[in-house]
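Note sheet for the following structure.
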Amino acid sequence: GNSVTQMEGPVTLSEEAFLTINCTYTATGYPSLFWYVQYPGEGLQLLLKATKADDKGSNKGFEATYRKETTSFHLEKGSVQVSDSAVYFCALTGSTLGRLYFGRGTQLTVWP
Amino acid sequence: DVKVTQSSRYLVKRTGEKVFLECVQDMDHENMFWYRQDPGLGLRLIYFSYDVKMKEKGDIPEGYSVSREKKERFSLILESASTNQTSMYLCASKKGTDDEKLFFGSGTQLSVL
């Protein structure tokens with residue numbers, strides 16, 4: 001079946017530190033992979049996506065590369081800001097009518 | 001941009017009450033979803049709909065039902081609310097099955113006392 005496993009949080013960093021949030025997946029077929037972000041008090045919004053192997057998604061300084069050989073889609077940012085504090089969700093598309101499968105989320109807190 | 005509107009931000013209900021959570025989207029999306037979000041468990045899919053009057057069970061449908069009489073509106077119904085249904089409920093929508101970006105509402109925090 002389809003599932004997503006992402007690293008347990010919370011993650012606490014100082015401003016300008018390097019960020020990695022690990023995500024691995026299990027899927028049938030060839031899924032698209034996503035990172036969604038949830039800022040406090042809001043719903044989720046798409047951060048970036050990759051639709052095939054070796055694609056790199058990027059947005060707002062965040063990057064993730066679709067690695068089929070390791071079934072991974074790790075989120076990285078070279079220098080985090082306080083405003084990046086949020087919950088980050090890794091997700092993939094399934095074959096059933098366009099539904100997405102989400103990981104459990106990773107809380108990121110960035111201190112000044 | 002697409003707007004997904006959930007009718008209430010906070011809701012407090014009593015055990016045994018029938019509860020309706022409403023969600024409306026304004027961009028003619030075919031697919032709509034109801035998730036619940038709990039600490040440590042992430043997002044879990046309750047039900048989804050890919051067309052008017054069509055519905056599919058998600059991973060945790062027990063204790064819930066849904067209604068989609070019009071394309072823009074997707075309602076989640078708790079037939080007899082219980083305390084273990086206290087949660088944040090998130091509605092989402094997207095256009096068709098090939099366009100994969102999900103648009104989320106801001107959520108309804110439901111407390112069942």
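Where a number appears in this text, it was derived from the coordinates with a stated rule and is not lab data. Since we're looking at a predicted model, the values are computed, not measured. For neighbour counting, all protein chains shown are included, and Cβ atoms are generated from backbone atoms with ideal geometry for every residue, glycine included.
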Q. What does the charge count near A:TRP111 come to, summing +1 for each Lys or Arg and -1 for each Asp or Glu among other residues with Cβ under 13 Å from its Cβ?
A. -3
**Q.** Lysine pairs in segment B:1-67 with Cα atoms under 25 Å, if 8 or more residues apart or on separate chains
**A.** 7
Q. How far, in nm, would the chain grow between B:ILE77 and B:ASP26 when pulled straight, counting 0.36 nm per residue and subtracting the alpha carbon separation?
A. 16.2 nm
Q.
Taking the Cα centre as origin and putting +1 on Lys and Arg beta-carbons and -1 on Asp and Glu beta-carbons, what dipole magnitude results for chain B, to the nearest 20 debye?
A. 340
Q. Between A:TYR39 and B:LYS13, what FRET efficiency comes out of the Förster formula 1/(1 + (r/R0)^6) with R0 = 22 Å and r the beta carbon distance, rounded to 0.05?
A. 0.20
Q) Which net charge results for the neighbourhood of B:ARG68, defined as the other residues with beta-carbon distances under 9 angstrom from its beta-carbon, given Lys and Arg at +1 and Asp and Glu at -1? A) +3
Q: Give me the aspartates and glutamates in straight-line cross-link reach of A:LYS60: C-alpha distance below 15 Å, same-chain residues under 8 apart excluded.
A: A:GLU16, A:GLU76, A:ASP84
